[in-house]
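To start, the structure itself, in structure tokens.
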Amino acid sequence: MKPLKLLDCFCGLGGVSRGFAAEGFECTGIKINPEIARLYPYKVIVADMLDLSGRDFRGYDVIWGSPPCRDFSRTTSFGWKYWRDPPNPERGLRLVKHFLKFVEEAKPRIWIMENVPGLIKYLDIKPRFIGRLSRTMIRAFWGNFPDFLLPTCETKRLKQDIQGPYRKWKRAMIPFPVARAFARACKMKLMEESDEP
């Protein structure tokens, strides 16, 4: 059997991909920033999602998207405060809507979009799931992903292995146990479907 394939859009440092790779998925990420893309541990495409068409990415079993949440979030781990630029939901929705169109064109067997709950009031479709991923991380998930058991994740102080402006990316990573739980549920569903006559 050929390996299952994940396309991780807006991949960051690859927190989601690490969970899927642990379940045997072949992972490819898409990231606009070449310096962060360099830190992604799997095959990576350096590109702006707005320049890509989903038709060119058919054949992926799972497509995951984590569009930037900064325009829907007013918090950081240091308390309530605005980002340097004020939030602009219209700017953020442009990426979200493009990702949804991208998924429609790519036609993956499973798709998942993750973002902060603040996106809910700007989007017409309701999330399938909202959960606390760690003590300080609550996320909403849209898509056709299978049901799964959300593991409890402890928030630990992160090692300072990434220095300078990229340290904040580490804080935003989906915890490995959560990514792996998603991956395991997706793998089981995909394998069941391929066993059906």
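Structure data summary
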read-out: Residue list for segment 32-53, filter: surrounded by 20 or more Cβ atoms within 10 Å (Cβ to Cβ) and either assigned to a loop (DSSP other than H, G, I, E, B) or of a type in the set (Ser, Thr, Tyr) (or both); value: TYR40
read-out: Which numbered condition GLY24 fails, given (1) part of a helix (DSSP H, G or I); (2) of a type outside the set (D, E, K, R); (3) at pLDDT 95 or above; value: (1)
read-out: Residues within segment 19-56 that are out of contact with any Lys or Arg (no Cβ under 8 Å at 6 or more places or on another chain), within 19 Å of PRO3 (Cβ to Cβ) and among the hydroxyl-bearing types (Ser, Thr, Tyr), tallied; value: 1
read-out: Test: residue in segment 10-31 that is hydroxyl-bearing (Ser, Thr, Tyr), closer than 17 Å to LYS97 by Cα and crowded, with 21+ Cβ neighbours inside 10 Å; value: no
read-out: Test: GLY59 is farther than 15 Å from ASN115 by Cα, outside any helix (DSSP H, G or I), modelled with pLDDT of 95 or more and not aliphatic (A, V, I, L, M); value: yes
read-out: Within segment 101-114, considering residues that are open to solvent by 40 Å² or more (accessible area, probe 1.4 Å) and assigned to a helix (DSSP H, G or I), the one nearest to PHE10 (Cα to Cα); value: LYS101
read-out: Candidates ARG157, ARG132 - the one that is modelled with pLDDT under 80 and not in a helix (DSSP H, G or I); value: ARG157
read-out: Hits in segment 115-129 - residues which are open to solvent by less than 90 Å² (accessible area, probe 1.4 Å) and under 16 Å from SER73 (Cα atoms); value: ASN115, VAL116, PRO117, GLY118, LEU119, ILE120, TYR122, LEU123
read-out: Some residue of segment 129-152 being without any contact (Cβ under 8 Å) to a residue 40 or more places away in the chain, under 21 Å from GLY12 (Cα atoms) and among the hydroxyl-bearing types (Ser, Thr, Tyr); value: no
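The values are calculated or read from the model by the stated rules, or taken from the named source; none is laboratory data. From a predicted model like this one, the values you see are computed outputs, not experimental measurements. Because the Cβ atoms are built from the backbone with ideal geometry, glycine has one as well, and the counts that use them run over all protein chains shown. Each accessible area value is taken on the protein alone, full model and side chains, heavy atoms only, with ligands, DNA and RNA left out. Shrake-Rupley method; radii C 1.70, N 1.55, O 1.52, S 1.80 Å.
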